[in-house]
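Data first, discussion second: the structure below is written as structure tokens.
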2 protein chains.
Amino acid sequence: MLELYHAEPASNSLKVLICLKEKGVDFVSHLMDIQAFEQHEPSFLKINPDGQVPVLVHDGGVITESTDINEYLDQVFPSLPLRPQSAIECARMRVLTKYVDEYFRIALSQIGWQLMIHTITDKLSPEEFEAKLARIPREEKREKWRIAAAQGYSHEQMAAWRRTLGEGISKMEAALANGPWLAGPHYSLADIAMFAMAAHMPARFGDIMSESVSPRVMDWHARMKARPAVAAALAMPTPKRG
Amino acid sequence: MLELYHAEPASNSLKVLICLKEKGVDFVSHLMDIQAFEQHEPSFLKINPDGQVPVLVHDGGVITESTDINEYLDQVFPSLPLRPQSAIECARMRVLTKYVDEYFRIALSQIGWQLMIHTITDKLSPEEFEAKLARIPREEKREKWRIAAAQGYSHEQMAAWRRTLGEGISKMEAALANGPWLAGPHYSLADIAMFAMAAHMPARFGDIMSESVSPRVMDWHARMKARPAVAAALAMPTPKRG
């Protein structure tokens, strides 16, 4: 029995959805509305005290952190291996997934929250918003929401995160000179991790990721979208919002 | 042929040194003085353009990031396995090493830099310091040094990082209720990752990690120190400083 608690097909939730679709395994989908802070409901905190999605539940065992979930899925469902057999290629894959987690995703998510926060907070009174914030288990996340909702991040800070995105795309452009896939000759969890972040970047960050700036990344992006598993993951539903 | 570029036996360098000693494999040690910014020298940037240690070079292949280096070492030298065989235990191990990388080590390192930065900058003129900074490849690191050396981090920020350390130790105390080691019944890379950060904490952060606050963590700490490989790693040399 395999269950996934996840948000709409974007970012870390998309990362695990693509992996599950690539593996072709059946799973029960629990779609959660993170814009309504459902991941901080007491009932969900019993499953993941960190109050974050995605979370995989497999035969009663709970696995958190999208990067670790995908490593787990590849170990448990070894058909269509998504980790290179060569140890050094596998290490390079992990350096990439780690880079996505520690730099690229952070920058993208901070910019994203700042741009969308008011569509969330406008539905709530200040007291309701404070009550939602108070339930967030991790202090760093509480602060992120509070700053984004109040004064917003500075122009300098937003510019620095945009530079991080640009550096990330340059890094991928360079990596793709050495093989059709980010970690080299084999399609891997690194491609899935990066695509989960970059899926909508050509439309939203056309100055950072485009045919003229990053032709190899755009070609890779098209090959990713053409994969049936990727298309199936992107077609997963989004929460109905009023 | 196995070579390791590393700093003194602390933090991420200690993490890989312990793993190598546990594996009992011979390696060539290249000790670097990170307080003299040797990791940003052009000759080293050819090996790791990110300007960070530790870096492993194995038969000409370069592997960066201590967490990924240790996964690599465990794959290539499988005697004394340091990743649990059970997939779910292995996933929990990775969630812990990821937590150390993304939360615990960041807090510890920011506090550490703030406390020691002036022993470094006092030896340099402002121009020399700026020249050293200018060579740091990652913008985030440049900013960390600049802020720590200039105004310093705020009291609130330092207090928040100390709270992160306290939360981390509580998390470890809770994990050790379920087994003698952090990921459960087996000694693993999670123990090595956490110990590399916490080795000197009882002396330096006695209010956060002590017999009264975290008895299970202290017992684990004593068992870690008693391991010959851990003792050998801790006994590795430190750069001679004037």
message: Per residue, how large is the accessible surface of region A:125-242? Use a 1.4 angstrom probe and give square angstrom.
response: 49 Å²
statement: A correct Karplus calculation of ³J(HN,Hα) over region A:137-143, with 6.51 cos²θ - 1.76 cosθ + 1.60, θ = phi - 60°, whole Hz and x for Gly and Pro, returns x, 9, 3, 4, 6, 4, 5
task: Please give the calculated 222 nm ellipticity per residue for the protein assembly as shown, where each DSSP H segment of at least 4 residues contributes -39500 (n - 2.57) and the sum is spread over every residue; nearest 500 deg cm²/dmol?
output: -16500 deg cm²/dmol
message: Just want to confirm a number: the relative contact order over region A:88-242, from Cα pairs under 8 angstrom separated by 6+ residues, in percent.
response: 26 percent
Anisotropy class of region B:110-232 from Cα gyration tensor, a/c 1.5 cut: prolate
Note, ³J(HN,Hα) from phi for region A:215-229, Karplus 6.51, -1.76, 1.60, rounded to Hz, x at Gly and Pro: x, 5, 5, 5, 5, 4, 4, 5, 5, 5, 4, 7, 6, x, 5
Fraction of accessible area attributable to carbon and sulfur, the protein assembly as shown (%, probe 1.4 Å): 56 percent
task: Using a 10 Å cut-off on Cβ to Cβ distances, tally the other chain neighbours for every residue of B:88-96 and report the average as a whole number.
output: 6
field: Computed over region A:1-143: relative contact order in percent, which uses C-alpha pairs under 8 Å that are six or more apart
entry: 24 percent
- request: Over both sides of the A-B contact, add up the buried accessible area with a 1.4 Å probe and give it to the nearest 100 Å².
  value: 2700 Å²
- request: Heads up, I need the accessible area for A:ARG105: 1.4 angstrom probe, whole protein in place, Å², nearest 10.
  value: 40 Å²
query: With a ≥ b ≥ c the root eigenvalues of the C-alpha gyration tensor of region A:3-101, is it rounded (a/c under 1.5), prolate (a/b larger than b/c) or oblate?
result: prolate
task: Only Cα pairs under 8 Å and at least 6 apart count here; give the relative contact order of region B:4-76 as a rounded whole percent.
output: 35 percent
- prompt: Ordered by residue, what ³J(HN,Hα) values in Hz, to whole numbers, does region B:122-132 give under the Karplus form 6.51 cos²θ - 1.76 cosθ + 1.60, where θ = phi - 60° and Gly and Pro are x?
  reply: 4, 7, 10, 6, x, 5, 4, 5, 4, 5, 5
- prompt: Between A:MET116 and the same site in the other copies, what are the distances in nm, shortest first, taking label points 7 Å from Cα along the C-beta direction?
  reply: 4.1
task: Treating cross-link reach as a plain straight distance, find the lysines whose alpha-carbon is under 17 Å from the alpha-carbon of B:LYS240, omitting any fewer than eight places away in the same chain.
output: B:LYS123
Qualifying chymotrypsin sites (Phe, Trp or Tyr not before Pro) for region A:1-98 [loop in DSSP, other Cβ within 10 Å: at most 11]: none
message: Given axes a ≥ b ≥ c from the Cα gyration tensor, I'd like to know whether region A:139-181 is rounded (a/c under 1.5), prolate (a/b larger than b/c) or oblate.
response: prolate
Alpha-carbon Debye profile of chain A, log10 I(q)/I(0) at 0.12, 0.16 Å⁻¹: -0.71, -1.25
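The values are calculated or read from the model by the stated rules, or taken from the named source; none is laboratory data. Since we're looking at a predicted model, the values are computed, not measured. Positions of Cβ are backbone-derived with ideal geometry, glycine not excepted, and every protein chain shown enters the neighbour counts. Just so you know, the surface numbers come from the protein's heavy atoms only, side chains and all, with ligands and any DNA or RNA stripped out. Shrake-Rupley method; radii C 1.70, N 1.55, O 1.52, S 1.80 Å.
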